[in-house]
Amino acid sequence: MGEAERGESAPRARISFWCSNGHETQPSFAHDAQVPDTWDCPRCGFPAGQDKDSPPDPPRTEPYKTHLAYVRERRSDEDGEAILAEALAKLRGEI
Ligand SMILES: [Zn+2]
């Protein structure tokens, strides 16, 4: 980007941030602006940090866990139905 040379009034600095997926984003900040510790990755939404080698941890609300919990819930429902069906069959057979 060759536009940096024009900035006599408001010099800006581009700071690189990396998220845990390895995405690099380079928002620019005014020199007197406070650069935050983390920056939301525009590609995946994960927090990105200035240290490429140790990016911030992704947020704990992983859809994978929610899905697992959902599957587990469903399976226990199915188990419950199977047990019920078995019990009913047994009941019918034994009467
Ligand atoms: Zn990312």
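Bear in mind these aren't lab numbers, they're just calculated from the coordinates by the rules spelled out. Keep in mind that what you see is a predicted model, and the values were worked out from it rather than measured. Here the Cβ positions follow ideal geometry from the backbone for every residue, glycine too, while neighbour counts run over all protein chains shown.
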**Report entry** Label-point separation, Ala85 to Arg12 (7 Å along Cα→Cβ), nm
**Finding:** 6.3 nm
Query raised in the report: For a paramagnetic label modelled at 7 Å from the Cα of Ser20 toward its Cβ, which residues of the stretch 33-47 fall within the zone defined by backbone nitrogen distances under 11 Å?
Result: 46-47
Query raised in the report: Going by average Cβ neighbours within 10 Å, how do the peptides 26-39, 78-91, 43-56 rank, with the highest at the top?
Result: 43-56, 26-39, 78-91
Query raised in the report: Along each of its three principal axes, how wide is the spread of alpha-carbon positions in the stretch 10-49, in whole angstrom units, largest first?
Result: 32, 13, 11
Query raised in the report: Once the Cβ-Cβ distance between Ser28 and Lys52 is put in as r, and R0 is 22 Å, what FRET efficiency do you end up with, to the nearest 0.05?
Result: 0.75
